């Protein structure tokens, strides 16, 4: 079977490093919340804080993880500026047919192509480029929310903010995290639960996809 290279080793390391650190940041951040705001309850909060040596220790760990996260991205961009620029240019480029793809794909994904067609849904999808519109949407969300998380996180960690603004930073930080989590859940569903998307998931380990997959799902990929 002919293969087509899709992701370099640096891109794959960046992807999985980002995923790991994001999960560590999410679960450590969740331990900083108490009462009605605690997503996993006060029991989780108490257990995580105990492991970290208390609330201040957990906060310090969360900040360190955030700095490592920023450092990895900075290093990747410094060493792969061309690839990073290409990624940003691609995900923020909405081309003719992309929004049609985004409107039609959910029915196909949830019902299957044949059942969706039988129920009257349009199942012909416009050709996509290196990323389909669903991947672009998640990319846009991830980049925008990531920059927001870094900016608000730095303000909260350093205390460098006008009076009253720090409270807003906390709220904005939580919202950005929640939106990213929602996008991540959709991303995971598409890669794990939709069989036709599995070659894309495998490419994040191997770096390549079958040629027929590339032609069918990314016909405009040059």
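Any chance you could count how many residues in the range 168-200 are farther than 26 Å from residue 28 by Cβ, touching a helix residue (DSSP H, G or I) at 6+ places or on another chain (Cβ under 6 Å) and assigned to a helix (DSSP H, G or I)?
3
Quick check on my filter: what residues within the range 113-149 are more than 27 Å from residue 221 (Cα to Cα) and touching a helix residue (DSSP H, G or I) at 6+ places or on another chain (Cβ under 6 Å)?
148, 149
Answer with yes or no whether residue 88 is free of Cβ contacts under 8 Å to residues at least 60 places away in the same chain, under 20 Å from residue 141 (Cβ atoms) and in a helix (DSSP H, G or I).
Answer is yes for this residue.
Name every residue in the range 112-150 that is surrounded by fewer than 18 Cβ atoms within 10 Å (Cβ to Cβ) and part of a helix (DSSP H, G or I), in order of residue number.
Across the range 112-150, the qualifying residues are 113, 114, 115, 117, 118, 140, 143, 144, 146, 147, 150.
Since residue 58 meets every condition but one in (1) part of a helix (DSSP H, G or I); (2) farther than 30 Å from residue 125 by Cβ; (3) modelled with pLDDT under 95, which condition does it not meet?
Condition (3) is where residue 58 drops out.
Can you tell me which residues in the range 166-210 are under 20 Å from residue 110 (Cα atoms) and touching a strand residue (DSSP E or B) at 6+ places or on another chain (Cβ under 6 Å)?
If the condition is that a residue be under 20 Å from residue 110 (Cα atoms) and touching a strand residue (DSSP E or B) at 6+ places or on another chain (Cβ under 6 Å), then 199 is the only one that fits.
Assess whether residue 55 counts as being loosely packed, with under 13 Cβ neighbours inside 10 Å and free of Cβ contacts under 8 Å to residues at least 24 places away in the same chain.
When the stated conditions are applied, residue 55 does not pass them.
Return yes when residue 109 is in a helix (DSSP H, G or I) and touching a residue at least 60 places away in the same chain (Cβ under 8 Å) and no when it is not.
Yes: the conditions hold for residue 109.
How many residues, within the range 201-216, are in a helix (DSSP H, G or I) and more than 20 Å from the chain's Cα centre (by Cα)?
Going through the range 201-216 one residue at a time, the tally reaches 6.
The values are calculated or read from the model by the stated rules, or taken from the named source; none is laboratory data. Being a predicted model, the structure only gives us computed values, none of them experimental. Every residue, glycine as well, gets a Cβ built from its backbone with ideal geometry; the counts of neighbours run over all protein chains shown.
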